[in-house]
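Any read-out appearing in this document is the output of simple, stated calculations on the displayed coordinates, not a laboratory observation. Since we're looking at a predicted model, the values are computed, not measured. Here Cβ is always computed from backbone atoms with ideal geometry, including for glycine, and neighbour counts include all displayed protein chains.
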4 protein chains.
Amino acid sequence: MPRSCTGRFALAIRSKIPQHRLSFSGGHHVRRPADRSLPHAGFISTRWQDADLNGQITSAAVYGFFDTVIQSWLASHGQIDPQEGEVVAFVVSSSCDFYASAAFTDMLQVGLRVERFAGSTVEYEAALFDMSGKQLHALGRVVQVFIERNTGKPATFPQHLEAALSALT
Amino acid sequence: MPRSCTGRFALAIRSKIPQHRLSFSGGHHVRRPADRSLPHAGFISTRWQDADLNGQITSAAVYGFFDTVIQSWLASHGQIDPQEGEVVAFVVSSSCDFYASAAFTDMLQVGLRVERFAGSTVEYEAALFDMSGKQLHALGRVVQVFIERNTGKPATFPQHLEAALSALT
Amino acid sequence: MPRSCTGRFALAIRSKIPQHRLSFSGGHHVRRPADRSLPHAGFISTRWQDADLNGQITSAAVYGFFDTVIQSWLASHGQIDPQEGEVVAFVVSSSCDFYASAAFTDMLQVGLRVERFAGSTVEYEAALFDMSGKQLHALGRVVQVFIERNTGKPATFPQHLEAALSALT
Amino acid sequence: MPRSCTGRFALAIRSKIPQHRLSFSGGHHVRRPADRSLPHAGFISTRWQDADLNGQITSAAVYGFFDTVIQSWLASHGQIDPQEGEVVAFVVSSSCDFYASAAFTDMLQVGLRVERFAGSTVEYEAALFDMSGKQLHALGRVVQVFIERNTGKPATFPQHLEAALSALT
């Protein structure tokens, strides 16, 4: 929770042309600003609709990037069929700190790591970087619960998913 | 951070018709499930595009609801012009716990409260309820920093905004 | 196709405060600018995310408004369950002319009319107005085909839907 | 409108696993189903949020893809700065026929061609294909008008834009 968010931000406009982009730093302890060795990376091409009227990629769009990379990884590496599979994942909690704004037409990458998993719950760390991996835009946590599609009850992870999650820790 | 998310979820499908809707409860301590007396409420009519392929309003959409109600309140009550005004607000941190899923064609309300504000930073509590206010769908925190549009430096709150923020605590 | 779009637009900024809003007029023959007596109206509260970085509600967002009002009408008046029902509707063709831009935090209304329906195909006229009904923002056409969910074959309209569609012509 | 849309659709489910995908054919005259030699192509990675609750990439999302590729091309090839530039482009008309549905996690490409341009108006043809270029998902038209940001009046194309548009015809 941003409850730890101390609010002493030092802001600096890096550039007004071609877009306003902001760097936020200060009170936050950026836990892994230089650590780009997250075990999985997904790529995001920003869209015209992602930017708000100040030219910033919105925070809600960033959560959508995280969902996209996680669900895509689940489909490809975890063999989870999001539409017809027996188990399905729901976000039950998430959070994100935003360190620097991104803008259309940036290409971005989302580094993904499994922080922990147990029972039917997975907690991911997701980090939004530019393509060089030098600029951290946002650092988030997403917690998913897996349930059985037919009963709605918490599901145990399928075996191949458990193996995949282990590889992502 | 969902760090407090203990992962012992008891899930119950409330209804499969017309949509799967899930209630999440358990490990979470819901801080104000029955407190609907948040000082401001904005209304959200769900859209076809908000639902994912499991019929759930996505978590990213919920963050978009929060942005919408906050920015709308800033425009109407805080006299902040999001496009031309001298100060502009950016989300620097946010988080949300999701307690029950919503579905298209639900009408929803977002209760809004200012948790605290100081310097150039505001922290809001935002709660997504159904229209009766009995069902809490999601409970979130959003932290904004206000900056001067022209310089990019942290801005002091305009006087009318400070008064409006006080009224929302 | 906007084939009739002759491109002699007379543009006028109506206001720069609080947002740039544009009126497009000229070559277009606005078929029903003053006709607000469309048999159904749905309401749209604009969202922060709908606006592009010039402050305009994007054209793609407008198509989303049309989808929302049509699918909502199908659910409530046509008794079509979008997630579990036996028949499901897909957009196979659409078009829209944009006459004046809208901006966040506008409240808008979408007037809906069934232009024609036959077999498994429905063609709607959808008109985006401001709440007074005096300002036409956009005028569109949406063509849907109904199919059987299980077979993917064109579906005949359920009886109650056929009655509802008739009432909307 | 989709005036050529005769409504005699022959539908065939291509696959129910992993997602329902539909092919629409029949009454439509597909003008260039096999012509993949559009002079510019942009790439779209689908997102979790693009799919509706039937697993289809929504039609509104497709219009967003077109906007994205056009605005991206204008920024990179036409040297149009969407946020600060002197001229800015607005969609005044658009249309699209949908031939086959796409699904998350598809990678897609948008072929782009300038159909014609004159005065301050450009008409694009945009075609949504799979990555092989063999499957046409959607074929659209987008008409933009360029205006002067400060006056709101129709703008003449900057010279480099005119050259770029010529190269795209």
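Looking at region A:108-140, which trypsin sites (Lys or Arg not before Pro) are in a loop (DSSP not H, G, I, E or B) and have at most 11 other Cβ atoms within 10 Å?
Working: sites: A:ARG113, A:ARG116, A:LYS134; in loops: A:LYS134.
Those that pass, being in a loop and sparsely packed, are A:LYS134.
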**Fill in**
Relative contact order as a percentage, region B:90-169, C-alpha pairs under 8 Å and 6+ apart, gives 34 percent
**Prompt:** Considering amide H positions built from the backbone, and no H for Pro or chain starts, which residues 5 or more places from D:TYR99, or on another chain, come under 5 Å of its amide H?
**Reply:** D:ALA138, D:LEU139
**Fill in**
Residues of region C:148-163 with backbone N under 20 Å of the label point set 7 Å from the Cα of C:ASP81 along Cα→Cβ are C:148-153, C:155-163
**Item:** FRET efficiency for D:ALA41 and B:GLN159, using Cβ-Cβ distance with R0 set to 60 Å, rounded to 0.05
**Value:** 0.70
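List the chymotrypsin sites (Phe, Trp or Tyr not before Pro) within region C:42-149 that DSSP assigns to loop and that have no more than 12 neighbouring Cβ atoms inside 10 Å. Walk me through the numbers on the way to the answer.
Values: sites: C:PHE43, C:TRP48, C:TYR63, C:PHE65, C:PHE66, C:TRP73, C:PHE90, C:PHE98, C:TYR99, C:PHE104, C:PHE117, C:TYR124, C:PHE129, C:PHE146; in loops: C:TYR99, C:PHE104.
Listed in order of number, the matching sites amount to none.
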**Fill in**
Given pairs B:LYS153/D:LYS153; C:LYS153/D:LYS134; C:LYS134/D:LYS153 and cut-off 26 Å on Cα-Cα distance, the over-length ones are B:LYS153/D:LYS153
